[in-house]
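To keep things clear, I will list the structure first and then write my remarks on it.
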Amino acid sequence: MSKKPLLLIAASLVTTQAMADDYRPYFGGGIGNTSMDDSGWIDKVAEYGNNSNKKGAGFKSDDLSFRGFAGYHQNRIVGLELAYTKYGKSKAEYKGQDLNYSWAPTSISLSANLGFSSQNGLRPFVLIGSSYVNINQEGRKELTIANGDSGAFGLHYGVGLEYTPQVDRGLSYRLAYEGDMVEVTSSTNTSHGIAIGSLYAGVLFKL
């Protein structure tokens, strides 16, 4: 009897098992930086002394972000992911001067995880979904936003790369950028789009 059919069957079983390993539920976490784009909002509302706008004012953060997530891959391409992110505190500044106003946002998101698992263990992916962002604002009344003490629904997005070693398919490493975009209403009754994001490194474990 030829050994070729047996080898093909064995290879097929190994491939099937590897694919099954890829589609198990997973959970993980990551640590990264915090970035924030206020689309010029602080410039427009931060008035001091002579009532002139502080051109060049904006948010700055030196704090880390922490992220926990869990999900499930329906197949090699489509998955669903639930995540919680605690962004670092971002302070409003003008040329190094603290403007006594800050955000310490947290986010809960549900997103589609779209990617492709290759045989070499690499999986590029994108995330797109919705989120609820608790803004947690503190500081000057004139900078306060209407939904700053509660939160806002927004868009969650991300792009990244995962690597799963062949020797242990229950463990994967992730490098990604993820963020949340929300619309806020300032004290001047104008709307502004705010983007909060994080570049992070993490690990995930398959159950």
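Any read-out appearing in this document is the output of simple, stated calculations on the displayed coordinates, not a laboratory observation. Every value quoted in this text rests on a predicted model; they were computed, and no experiment measured them. Glycine also receives a Cβ, built like all others from the backbone with ideal geometry; neighbour counts cover every protein chain displayed.
General observations
- Rounded, prolate or oblate (a/c below 1.5 giving rounded, otherwise prolate when a/b exceeds b/c) for region 52-207 by Cα gyration tensor: prolate
- Restricting the chymotrypsin sites (Phe, Trp or Tyr not before Pro) of region 110-203 to loop positions (DSSP other than H, G, I, E, B) with no more than 10 neighbouring Cβ atoms within 10 Å leaves Phe116.
- Region 162-194 and region 65-118 have their alpha-carbon centroids 4 Å apart.
- Region 54-187 - percent relative contact order, Cα under 8 Å, separation 6 or more: 19
- Rounded if a/c under 1.5, otherwise prolate or oblate - region 65-143, Cα gyration tensor axes: prolate
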